[in-house]
Amino acid sequence: MFPELPSGPERSPADPRRFVAVVAAFASQRVLVVGDLMLDEYIWGRVSRISPEAPVPVVQVTGESYYPGGAANVARNLREFTPNVAVMGSAGNDAHGDRLLALLNGSGIDTSALLRTASPSTVKSRIIARNQQVVRVDRETQQPLSAEETTRAIGHLDRLIPTVDAVIVADYGKGFVTQALADHITRAVCDHKKILTVDPHPHTSIAWHGATAIKPNRAEAFLAAGMPPADPVLPVLSDSALLEAGRRLGRLWNAGSLLITIGENGMLLFT
């Protein structure tokens with residue numbers, strides 16, 4: 001899929017020319033993003049006084065901005081690298097869902113696999129004044145797909161997976177990614193020999209087996225491995241608890257690669 005450069009004294013796997021070649025080749029790749037779709041709303045304003053009703057600032061709204069959020073943001077970011085991005089998730093039959101659909105379509109993202117459902121759209125609203133976030137308001141319902149919606153989603157997967165090079169699952173724990181859907185994804189990518197990468201959510205308990213790569217953060221890794229979180233101050237290779245969590249997840253998930261992100265301390269890759 002991506003260009004290979006011969007290794008050896010002149011061209012090692014870490015040769016920067018390989019990185020440049022891989023990035024350049026990405027423009028021809030076709031990617032399907034599956035996961036929880038959200039709408040990010042930013043309300044901008046000015047604060048000039050404190051409310052007489054309660055000790056809180058009064059924000060005079062000066063503008064509003066909207067962006068794809070959650071898995072929709074993953075698709076939006078990918079669209080900067082390749083024009084061939086499709087997204088599969090759900091949005092409500094409401095004004096927020098209409099806005100999200102318009103934003104994705106306006107970015108050139110394939111939304112033919114987006115399900116419109118009776119559940120309200122997930123919206124994250126941030127009120128910002130004086131360049132600071134005053135408050136965030138979340139409107140969401142954590143409800144798994146119904147049997148009929150799962151059947152529709154699987155139909156979209158069967159249609160799209162043969163046409164793409166890779167599938168990215170971005171699970172935000174809002175209910176779109178279920179075990180039944182995960183099982184179908186893993187079988188389909190295996191049958192069609194596609195790349196599958198997963199960003200799991202720690203509280204969904206969804207089992208992923210045989211993915212190309214899985215990327216939990218440190219806290220998610222301990223939760224998924226059934227281990228209590230340990231002191232995060234230790235250097236990565238001295239963190240025996242983290243190394244053990246990685247080994248357990250390697251056996252549990254049987255992924256080609258396990259990448260645990262560790263915030264400002266970098267990341268730890270198990271292969």
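Please name whichever of Ala153, Val167, Ala211 sits farthest to the positive end of the charge dipole of the chain, dipole taken about the Cα centre and charges placed at Cβ: Lys and Arg +1, Asp and Glu -1. Result: Val167, furthest along the dipole toward the positive end.
Ellipsoid fit via the Cα gyration tensor, segment 176-221: semi-axes of 19, 13, 6 Å, each the root of five times an eigenvalue, largest first. For Lys194, a cut-off of 28 angstrom between C-alpha atoms picks up these lysines, skipping any fewer than 8 places away in its own chain: Lys174, Lys215. Computed on segment 160-250, the Cα convex hull volume stands at 101 Å³ per residue. Panel order for Arg46, Arg248, by other beta carbons found within 10 Å of each beta carbon, from fewest to most: Arg46, Arg248.
The shape of the chain can be summarised by an equivalent ellipsoid whose semi-axes, obtained from the alpha carbon gyration tensor, come to 33, 25, 21 Å from longest to shortest.
Here the convex hull built on the C-alpha positions of segment 46-165 has a volume of 131 cubic angstrom per residue.
Bear in mind these aren't lab numbers, they're just calculated from the coordinates by the rules spelled out. What you see is a predicted model; the values in this text were computed from it and never measured. Heads up, the Cβs are rebuilt from the backbone with ideal geometry, glycines too, and the neighbour counts pull from every protein chain shown.
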